[in-house]
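A short write-up of the structure that comes next.
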Amino acid sequence: MAKKRAREADGAAEAPDKMVEDGDSSDDDDFDMVNVDFEWFNFDPEIDFHGTKSLLRQLFDVDATLFDISGLADLILSQPTIGSTVKVDGKETDAYAFLTALNLHEHREKKQVADLTRYISDKAKTNEALAVIPDLLSSGKHVGLVLSERLINMPSEIAPPMYNMLINEIEAAVEDKEPYEFSHYLIISKTYHEIESTLDVEERKRKKGKQDATMFYFHPEDEVLQKHAVASGSYDYTKMDEAIADSKRAFQEMGIMPRGFMILIEASKFAGAAKAISEYLSPPS
């Protein structure tokens with residue numbers, strides 16, 4: 001195995017190991033600062049199954065029930081040198097974030113991958129901006145499916161080192177003659193827009209026609225990745241309706257309507273996209 005695929009002796013990666021999260025307020029008395037040490041680790045099948053499965057469910061939102069999420073988590077854990085987890089309280093704890101890549105062609109016979117590939121293809125057909133994806137997936141080319149998710153309150157600054165490590169690990173895997181020489185990377189993510197709540201019927205009627213359909217990113221790096229893409233676009237979840245948005249309102253005036261999001265990047269441009277993420281999100285020195 002190539003040396004650059006190994007982590008530090010304690011399991012942590014060579015990445016920024018401390019970030020400061022601060023919550024500011026107009027009232028100085030309410031100012032709070034929390035110092036958090038983030039550590040990067042390889043996937044460990046003995047530890048990371050439940051944490052990975054939970055984050056996959058979050059990534060696919062209501063449509064997670066359409067797949068064998070347990071089987072997908074097992075597949076991710078079966079390739080521990082590709083991708084990484086981010087943890088706070090040591091290796092034995094559940095991951096707060098993860099990033100990995102799966103070869104859709106290599107694993108095409110596995111049911112969890114076949115079902116997911118079919119789902120991706122069907123969803124891509126619903127958006128003209130994603131029209132190139134179904135043909136690519138059926139072409140026999142090796143497409144790397146990038147799966148990345150983190151807890152909602154995780155700082156976006158963890159993304160650059162995760163992407164940089166993934167690129168290094170894939171380069172090393174290719175040197176080792178492993179099946180990670182991709183033609184494209186297909187990133188599965190999610191966006192959202194705000195909608196008026198159906199809980200306040202009269203208020204909804206009064207504001208009818210004034211809905212703001214502006215798209216927001218759960219992962220800020222997606223906005224950067226999109227600029228390097230061959231294709232990108234959103235799609236509706238199969239099991240989503242406005243009642244779900246109300247349940248996620250969290251006492252706000254507007255409900256939140258999540259949507260799936262895909263970004264397709266040629267392999268030759270992926271490293272440049274990761275560099276752009278670093279420039280955009282890395283904390284100031």
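Just so it is clear, none of the values below were taken in a lab; they were calculated from the coordinates. Note that the structure is a prediction, hence the values are computed from the model and not measured. Backbone-built Cβ (ideal geometry, glycine too); neighbour counts: all protein chains shown.
R0 = 41 Å: FRET efficiency of E128 with D176, Cβ-based, nearest 0.05? List each step's numbers first, then the result.
On the way: r = 39 Å, r/R0 = 0.96.
Between E128 and D176 the formula returns 0.55.
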Checklist entry - Among I69, I277, which comes first, then next, by fewest other beta-carbon atoms within 10 Å? => result I69, I277
Checklist entry - Nearest 0.05, what FRET efficiency do S278 and F216 give at R0 = 35 Å with Cβ-Cβ as r? => result 0.95
Item to check | Extension gain from M240 to E106, taking 0.36 nm per residue of separation minus the Cα-Cα distance | outcome: 45.1 nm
Item to check | Total formal charge among the other residues, if their Cβ is under 11 angstrom from that of F182, Lys/Arg +1 and Asp/Glu -1 | outcome: -2
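Among the listed pairs K110/K239; K125/K190; K110/K141; K141/K239, give every one whose C-alpha distance is greater than 20 Å.
On the way: K110/K239 24 Å; K125/K190 17 Å; K110/K141 17 Å; K141/K239 30 Å.
Over 20 Å Cα-Cα: K110/K239; K141/K239.
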Checklist entry - Taking neighbour counts of Cβ atoms within 10 Å as a proxy for exposure, in what order, fewest first, do D236, D94 appear? => result D236, D94
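Would you work out the relative contact order for the range 31-180, in percent, from Cα pairs under 8 angstrom that are 6 or more residues apart?
Values: 190 pairs, mean separation 38.6, N = 150.
So the answer I get is 26 percent.
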Checklist entry - Among R118, R259, R150, what is the fewest-to-most ranking by other Cβ atoms within 10 Å? => result R118, R259, R150
